[in-house]
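Novice: Quick one: structure below, then a few questions.
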Amino acid sequence: MRVTRREFLRLAALTAATAAVQACSPVYRQLAGDPILPAGWHSISGNWTFSVLNRLTFGARLEERQLAEQIGLAGWIEEQLSPNALDDSATDWRVRAFDSLHMTADELDGWEKRDVIAELKQATILRQVYSKRQLYEIMVEFWSDHFNIAITKGLVWMLKTVDDREVIRANALGNFGDLLRASAHSPAMLIYLDNQANHKDHPNENYARELMELHSLGVDGGYTQEDVMELARCLTGWSVKKHFWPGEFTFNTDVHDMNEKVFLGRDIRPEGIGEGEFALEILAAHPSTAQHIAQKLVRRFVSDQPMEEAGWLVERAANAFQSTNGDIQAVLRVVLLDGLAAMSEIPSPKFKRPLHYVASALRLMNAESDGSLALHEALSLMGQPSFQWPTPDGPPDTSSAWLGNLLPRWQFSLELTQNQLAKTYIDWENLLAISGAQDPAELADLLGVLLLGSPLPETGRDDLLRDFESSGVKEMNEIAPILAAGLLASPNFQYR
Amino acid sequence: MNKILTRKEFLQAAAAVPYAIRWPAWIPRLSFAPEKTDPKGDVLVVIFLRGAADALNMVVPHGEQAYYRARPTLAIPRPDDSRAALNQRALDLDGFFGFHPGMASLLPSWQEGQLAIIHACGAPDESRSHFKAMELMERGLSDEHGPASGWIGRHLAVHHTNNPSPLRAIGLGSMVPLSLQGPVPATAMQSIVDFHLGGDERAARQFQSAMHSLYLPSDELGIIGRETLNILDTLEKLDPSDYQPANQATYPQSEFGVGLRQIAMLVKAQVGLEVATLDLGGWDTHFAQGSTSGLMTGLIQNLSEGLSAFHADLHDHMGSLTVVVMSEFGRRVQENASLGTDHGHGGLMMLMGGNVSGGQILGAWPGVGDGQLFGPGDLAVTTDYRDVLGEVLKKRLGNPNLDSIFPDFRVRTHGFLQEN
């Protein structure tokens, strides 16, 4: 029955989505509760707002820019920090057919691997593109990177769906200690980092090391090789069930090392699973963890070089982390309200990572998409395959790592604007009508506002249009897609 | 890029979109012309085995009892171990070391003297962290203090070959590795065959023209954009889909094999390639590593078959080519309980080319017995990886400026390679 219902729903959704993609009918948009692209683009100024919002969203839509101008950036951020108060039923509607998102490992057991993976990838990018809870989705991405898991290993392909829901999404704006504990109990993580094979006779250090290096203290957080080995011993037996509810967390007493341990200078008495829980408490409360997380958040939202460019902010965020015992919202308030939104100078621009690039292109072009394969293929070519970053450090969050691979972005902007990506569609007729552009020059200005936050400089704009005209591109409906492709591929659109 | 922009500057930068359609299509690579021209030297291919490859099971010290004691299930049987099938035994090289049987395809280049192994080789870093070790190794440093750029990036920056090619340095894959990052822009390329703009031809042409006016060679990204356009032009003239390897060389169908095949094509096409990097991942074998079959054997075969095909295909070019294979560190001597190995210290490097001191195991062997191990039970490092890289740069690429490439390390020359 379950399968039949699921298939029925998926078919229904596919039909609806196809119809919508083809017709892009306003009726569908109203049904989905989507805002229709506002008119009067000229009146939307606020370059500063645009720059800041591009760090808080997957690309600032016009309506978000309007709202932030009205209520102020601080007000906008506060709204986003209470995501559940924001009606996001339209996004729920878009992902409603993906049954696997709500299932336990046991329920997923009978599923096809490719279906489970496809639903997770689709749902994730749909939420990033369409959700009104943008800051929440940004933080979901942040923690997914921080606790990176590649679905290519073992049963992780189905366990990551559970991890995404119960570890990452459940705690993205909650408490860091809860998040760390949830991750340590997550079967996907335990398999990805081999802790299910961590045995008292010969401990497997993989998870213990990354738990300290990547998830909590940071590589210079003051631990030694001995601490790695002792923590691995504390975590012997933290494993995943193979029978009766396979894919659930289990503590396997038989393989747990019941000898005394010394971890980060603390004596750990033998008490089974409690040793690991105690170690997690130590890690969550450690000042190095506060510093590490604060630094990563400042890197994400403010600067590629957090210590050099905003060391004071890292320090304040780390203090907030410690004084609130890891309240993520409290730390974010410092980073965003005291930091980003209040800065008199914005530090050097950040190069968009591929996911941000793709999502922002779809968002600002008001594209209609079902989030399926074509987008994920493009992301792989750009270097950020969805849920397949192979190493536990997650995709880098610094500009220099991504600079050298422009061509896949250019290819994507051309395909997107020419409506050559499968299941993704830009309604040019509608877009041109809403823009109200009367001539190519006005169109260029408006697209500049839409995509880059301000009109193009006049000389550059006229040169571009003359170039188009000389090669026979004269009609508005032909100019618009190529112009948009050029702007999406331009240096400015690569930055956030 | 490291400069702090004021808010005003940032906004200006954000608003300062396209001017100057007037720029010519071909812009000189960098605005400053080098004063002298350095010799071009060998083409350098750097292969990074990501995840810390287990050197001890690749080039096996079969003369060591201690190796077999430490690895009751994972050890590669001795060449004369009659209990193991012939194709499961180490391939003897010198009576003490032997190749993993999955490396059989490399024997011809070894016997020809064009393949050398530097064993017990590695970095001083003891973090046993993949990410820290890789970062330091790619930056060519002993610790975090020092330039943020990569060692190859700095080599390119101080070695003025006056080579205007946009293909001077490429990273095969979807990202430019840290080793290649620096003042000279390098390009990441996943596939040469797919390196073009698709779709409607007129739109693509128009788009390409727009890119010329939007990417101005006045900042880092602008230069990279220009590079991308130049590579599009260069590759348009080649016909990569029609490439036929020489000497019946057969590359593995893997991403690694395809990558090497593309590098070979660029070498033969003489498009100005000086350095190419290529990654092969998956070596973090904590779990179910396998001995002569399984996870690691597959990786070893992929590596070996790719390298041997590359060697055969470019046999006539080996006199002006050097391949380096490296990994961030080696693995613990003692196997763990999950049929794998944990992070260790010393590893190995490989050198391939017409001028390497091949057919021998180079570097001092520290042993893996009691009292010979390093830290928690790891192979010691007797040769710093920068001694190898430094000698390659100096002798084969004609770059003597090793102090600016490895600022916190003094390179010693061991005779791993010959000069012309």
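Novice: Rounded, prolate or oblate: which one fits the range A:237-370, using the alpha carbon gyration tensor with axes a ≥ b ≥ c (rounded when a/c is under 1.5, else prolate when a/b beats b/c, else oblate)?
Specialist: oblate
Novice: Where in the range A:83-168 are there GluC sites (Glu not before Pro) that are in a DSSP coil and have at most 14 other Cβ atoms within 10 angstrom of their Cβ?
Specialist: A:112
Novice: If you don't mind, another one. Checking the cross-link filter: which lysines have an alpha carbon closer than 23 Å to that of residue B:394, excluding same-chain neighbours under 8 positions apart?
Specialist: By straight Cα distance, residue B:394 reaches B:36, B:40.
Novice: Turning to a different aspect of this structure: If I require 27 Å or longer along the helix axis, counting alpha carbons, and a Kyte-Doolittle average no lower than -1.0, what helices from chain A are left? Use full DSSP H segments.
Specialist: Counting only whole DSSP H runs, the qualifying helices are A:2-23.
Novice: In Å, the Kirkwood hydrodynamic radius of the range A:94-203 over pairs of distinct alpha carbons?
Specialist: Taking every pair of different Cα atoms in the range A:94-203, averaging 1/r and inverting gives 14.6 Å.
Novice: Right, next: For the protein assembly as shown, which whole-number percentage of the solvent-accessible area (1.4 Å probe, protein heavy atoms only) is attributable to carbon and sulfur atoms?
Specialist: The nonpolar share, carbon plus sulfur, comes to 52 percent.
Novice: Where does the protein assembly as shown land at 222 nm, in deg cm²/dmol rounded to the nearest 500, when only DSSP H runs of n ≥ 4 count, each adding -39500 (n - 2.57), divided by all residues?
Specialist: Result for the protein assembly as shown, helices only: -12500 deg cm²/dmol.
Novice: Would you grab the residues whose amide H sits under 5 Å from the one on residue B:374? Only those 5+ places off in sequence or on another chain, please, with H modelled 1.01 Å from N.
Specialist: B:379, B:380
Novice: Less than 10 Å Cβ to Cβ from residue B:280, Lys/Arg counted +1 and Asp/Glu -1: what total charge do the surrounding residues give?
Specialist: Local net charge: -1.
Novice: Something else about it: How far is helix B:220-237 tilted, in degrees, relative to the longest principal axis of the Cα atoms in chain B, given as a value from 0 to 90 rounded to the nearest 10?
Specialist: Tilt of helix B:220-237: around 80 degrees.
Novice: I want to make sure I understand the PRE zone here: with the label point 7 angstrom from the Cα of residue A:39 toward its beta carbon, which residues in the range A:351-370 have backbone N atoms less than 19 Å away?
Specialist: Those under the cut-off are A:366.
Novice: OK, next. So what's the net charge close to residue B:312: Lys and Arg +1, Asp and Glu -1, counting the other residues with Cβ under 15 Å from its Cβ?
Specialist: Net charge in that neighbourhood comes out at -2.
Novice: Between residue A:71 and residue A:466, what is the label-to-label distance in nm when each label sits 7 Å out along the Cα-to-Cβ direction?
Specialist: My value for the distance between the label points is 4.7 nm.
Novice: Past the 20 Å Cα-Cα mark, which pairs from A:153/A:241; B:132/B:395; A:352/B:237; A:350/A:423; A:121/A:153; A:200/A:261?
Specialist: In this structure, B:132/B:395; A:352/B:237; A:350/A:423 lie more than 20 Å apart at Cα.
Novice: Now, a different point. Quick check: net charge around residue B:88, other residues with Cβ under 15 Å of its Cβ, Lys/Arg +1 and Asp/Glu -1?
Specialist: Residues close to residue B:88 contribute a combined charge of +1.
Novice: Kindly report the accessible area of the range A:373-496 per residue (heavy atoms of protein chains, probe 1.4 Å, no ligands, DNA or RNA), in Å².
Specialist: 33 Å²
Novice: With a ≥ b ≥ c the root eigenvalues of the C-alpha gyration tensor of chain B, is it rounded (a/c under 1.5), prolate (a/b larger than b/c) or oblate?
Specialist: prolate
Novice: Here's something else I'd like to know. Let a ≥ b ≥ c be the square roots of the eigenvalues of the Cα gyration tensor of the range B:270-420; is it rounded (a/c under 1.5), or, if not, prolate (a/b larger than b/c) or oblate?
Specialist: It is oblate, given that a/c is not under 1.5 and a/b is not larger than b/c.
Novice: Which trypsin sites (Lys or Arg not before Pro) from the range B:33-118 combine a DSSP loop assignment with at most 13 other Cβ atoms within 10 Å?
Specialist: B:36, B:83
Novice: At most 14 other Cβ atoms within 10 Å plus a DSSP loop assignment makes a site exposed; report the longest stretch of chain B without any exposed GluC sites (Glu not before Pro).
Specialist: My reading of the result: B:145-418 is the longest stretch.
Novice: What does the accessible area per residue of the range B:106-230 come to in Å², with a 1.4 Å probe and no ligands, DNA or RNA counted?
Specialist: Ligands and nucleic acids excluded, the result is 30 Å² per residue.
Novice: Which cross-chain or sequence-distant (5 or more) residues have an amide H under 5 Å from the amide H of residue B:331, H modelled 1.01 Å from N in plane?
Specialist: Residues meeting the criterion, in which the H sits 1.01 Å from N, are B:55, B:56, B:344, B:345.
Novice: Further question on the same structure: What quantity of accessible surface, computed with a 1.4 Å probe and excluding non-protein components, is buried in total between chains A and B, in Å² to the nearest 100?
Specialist: Approximately 6000 Å², summed over both chains.
Novice: Tell me, how many Å apart are the Cα centres for the range A:333-390 and for the range A:138-181?
Specialist: 18 Å
Novice: DSSP loop GluC sites (Glu not before Pro) in the range A:440-484 with at most 15 other Cβ atoms within 10 Å of their Cβ, which ones?
Specialist: A:475
The values are calculated or read from the model by the stated rules, or taken from the named source; none is laboratory data. For clarity, every value in this text was computed on a predicted model and none was experimentally measured. Positions of Cβ are generated from backbone atoms using ideal geometry, with glycine treated the same way; all protein chains shown enter the neighbour counts. Just so you know, the surface numbers come from the protein's heavy atoms only, side chains and all, with ligands and any DNA or RNA stripped out. Shrake-Rupley method; radii C 1.70, N 1.55, O 1.52, S 1.80 Å.
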